[in-house]
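Contents: one structure, followed by commentary.
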Amino acid sequence: MKILVIGGGGREHALAWKLAQSPKTHKIFVAPGNGGTATDSHFENINITDVAELTAWAASEKIALTVVGPEVPLAAGVVDEFRKQGLRVFGPTKAAAQLESSKAFSKAFMKRHGIPTAEYETFSDPVLAHAYIDQKGAPIVVKADGLAAGKGVVVALTVAEAHEAVDFMLVDNTLGVSHNEGGARVVIEEFLVGEEASFIVMVDGKNVLPLATSQDHKRLLNGDLGPNTGGMGAYSPAPVVTPDVHARAMRDIILPTVRGMEKDGIVFTGFLYAGLMIDAQGKPKTLEFNCRMGDPETQPIMMRLKTDLVDVMLAATEPGPHGKLDQIELQWDRRTALGVVLAAHDYPLTPRKGDVITGIPKEAEDACVFHAGTALKDGQLLTSGGRVLCVTVLADNVRLAQQRAYEIAAGITFDGMQYRTDIGHRAVKVASA
């Protein structure tokens, strides 16, 4: 079976890595891929990102299954185009991907369907946005209404930071946000107190299959300090998602979202990621939706998955009104998986590219270094993005996973390399309590 994975980050490397373990897999193409997929004989990189060109290529190659990783091609309608050609593809349509691509759409949807989330207002006029901030005070959260590669959210602890974020997003667009139709907009919402977790499920149009729980670390620095990033590390399972929290998230957030989308005439298929804020009483609220797997959560989740991912994807994309995910039961490694992101110099603002990477060890049963911002040039592996690698391991508990991951990270070098040394600290606290 020929399989295509669309994307070039750590999430896509991990998905391709897991798909390659299936005996049903003949060849895996990754478009455009990265340095890690370029140097692995299991994969072939395809340097195509244009949706129309990629659709034509997949049809001519008779690709049996396509898995879409990142948000940009989803928002551009890649799933719609593949389906028009009769190609089997897992991901949401352009209309369904608005849950992620438009914060304004997402918040209005949640309000309409009674899905718990923070209070908010949407603004396109900077003057009105600034007045709202002055009225509400800080802390407060400012979100760009558009795709911003995980950097379009500012948790402003002071009113001055909130005003600056509005100017960044509405006036200067310093963050490089891809604005939606109608121009620049921001969603300003209340600051929620609690602990964050990533709740990711697969949806086939009707049936919902939850993946293993996970938690990532968005802040750049130890102790969850510094600017927000796309994610500096993650681990699975997440102790904060107790069985009660899991049941509440499914009942109050995930299922109403899938049913609400269907009610609105937009059937949802693909990965659905709810970023949760869980309060002291164990009640989750929705911070955001993503219409894809999280990155770096995918890496630890794929390390723990024992079920053949190709079988799961085929069930999810079964032709008909909906798939057959209700016939799949996922098996998970009982161990803890933990991933540490190694980031480039000056990430997340102006990450440097072109630094030589050395010291990546061979894959082991309990450890794999997934590539993200890497490129192969003249036989050398170079940095090519902000988050460069994700050292991902399996171990009997969080402390042992930390120890193993940081041992591997210490052997990898590139100029300006930075990483947090406390990934999993929240889970350690729970284990020590």
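Only the coordinates and a few stated rules stand behind these numbers; no lab work does. Note that the structure is predicted; figures quoted are calculated from it, not measured. A quick note on method: Cβ atoms are made from the backbone with ideal geometry, for glycine too, and the neighbour counts reach across all protein chains shown.
Please report, in whole Å³, the volume per residue of the convex hull around the C-alpha atoms of segment 211-317. Can you show the working numbers first?
Working: hull volume 13.1 nm³, N = 107.
Enclosed volume per residue, from the Cα hull, is 122 Å³.
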Worksheet item: Over all Cα pairs of segment 167-272, how is the pair count split among 5 Å bins, expressed in % and running from 0 up to the last occupied bin?
Response: 2, 9, 14, 15, 17, 19, 15, 7, 1
Fill in: Estimated distance in nm for a label pair at Asp172 and Lys377, the labels positioned 7 Å out from Cα along Cα-to-Cβ
2.8 nm
Item to complete: Determine ³J(HN,Hα), in whole Hz, for all residues of segment 119-136 in sequence, where each value follows from phi through the Karplus function 6.51 cos²θ - 1.76 cosθ + 1.60 and θ = phi - 60°; x replaces Gly and Pro.
Response: 5, 7, 9, 10, 9, 10, 9, x, 4, 5, 5, 5, 5, 5, 4, 4, 5, 8
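Which three semi-axes in whole Å describe the equivalent ellipsoid of segment 201-259, each the square root of 5 times a Cα gyration tensor eigenvalue, listed largest first?
Working: eigenvalues 146, 35, 22 Å².
Those come to 27, 13, 10 Å.
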Response to the item:
In Å³ per residue, the alpha-carbon convex hull of segment 237-395 encloses 178 Å³
Practice prompt. Find the Cα radius of gyration of segment 342-433, compare it with 2.2 N^0.38 Å by division, and give the number to two decimals.
Written response: 1.16
Fill in: Fully extended contour minus Cα-Cα distance, from Leu330 to Asp264, at 0.36 nm per residue
20.8 nm
Worksheet item: Gaussian network model of the chain, Cα springs within a sub-10 Å range: biggest mean-square fluctuation belongs to which of Asp346, Asp172, Asp378?
Response: Asp378
Worksheet entry | Cβ-Cβ FRET estimate between Asp125 and His26, R0 fixed at 45 Å, reported to 0.05 | 0.25
Worksheet item: Can you pull the three principal axis extents for the Cα set of segment 74-120, in Å, largest first?
Response: 41, 16, 12
Worksheet entry | Unsatisfied cross-links (Cα-Cα over 28 Å) in the set Lys24/Lys218; Lys103/Lys324; Lys94/Lys136; Lys24/Lys285; Lys18/Lys218; Lys62/Lys218 | Lys24/Lys218; Lys103/Lys324; Lys94/Lys136; Lys24/Lys285; Lys62/Lys218
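Between Ala410 and Phe191, take the C-beta separation as r, use R0 = 41 Å, and let me know the FRET efficiency to the nearest 0.05.
Numbers: r = 36 Å, r/R0 = 0.89.
Efficiency computed from Cβ-Cβ geometry: 0.65.
In segment 327-433, which GluC sites (Glu not before Pro) fall in coil by DSSP and have 10 or fewer other Cβ atoms within 10 Å?
Values: sites: Glu329, Glu363, Glu365, Glu407; in loops: Glu329, Glu363, Glu365.
Listed in order of number, the matching sites are Glu329, Glu365.
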Worksheet item: Can you run phi through the Karplus equation (6.51, -1.76, 1.60; θ = phi - 60°) for segment 308-319 and list ³J(HN,Hα) in whole Hz, with x for Gly and Pro?
Response: 4, 5, 5, 4, 5, 5, 5, 5, 5, 10, 4, x
Worksheet, complete the sentence: Computed D for segment 313-379, Stokes-Einstein, Kirkwood radius over alpha-carbon pairs, 4 °C, 1.567 mPa s, to the nearest µm² per second, is 78 µm²/s
Worksheet item: Considering the chain as a Gaussian network with a 10 Å cut-off on Cα pairs, which listed residue, Gly183, Gly323, Gly231, attains the greatest mean-square fluctuation?
Response: Gly183
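With the Cα gyration tensor of the chain giving a ≥ b ≥ c as the square roots of its eigenvalues, does the rule (a/c under 1.5 for rounded; else a/b larger than b/c for prolate; else oblate) give rounded, prolate or oblate?
Details: a/c = 1.31, a/b = 1.14, b/c = 1.15.
Verdict is rounded for the chain.
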Response to the item:
Checking Gln21, Gln331, Gln281 against a Gaussian network model of the chain (alpha-carbon springs below 10 Å), the top fluctuating residue turns out to be Gln281
